[in-house]
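Pasting a structure below so you can have a look.
The values are calculated or read from the model by the stated rules, or taken from the named source; none is laboratory data. Not measured: the values here are computed from a predicted model. Glycine also receives a Cβ, built like all others from the backbone with ideal geometry; neighbour counts cover every protein chain displayed.
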Amino acid sequence: MSIKLGEDQTGPESITHDTVANYISSITNKKVFYQNISSSEFKKDLLNAELS
């Protein structure tokens, strides 16, 4: 089985990242949101956080 980048792998029900964020928000009573960022932004953020 191959998985393509950007392809959702959510199991038997297709849900969006926003739906997941809303679900987590409702359980934790904290605002959670999904923000789509580029690979280069993600790498930059990791480097700035000294996590790479």
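Take region 12-40 and flag every residue that is modelled with pLDDT under 95 and among the charged types (D, E, K, R).
Selection gives 13, 18.
Could you tell me which residue of region 18-41 is surrounded by the fewest Cβ atoms within 10 Å (Cβ to Cβ), considering only residues that are without any contact (Cβ under 8 Å) to a residue 12 or more places away in the chain and not in a helix (DSSP H, G or I)?
29
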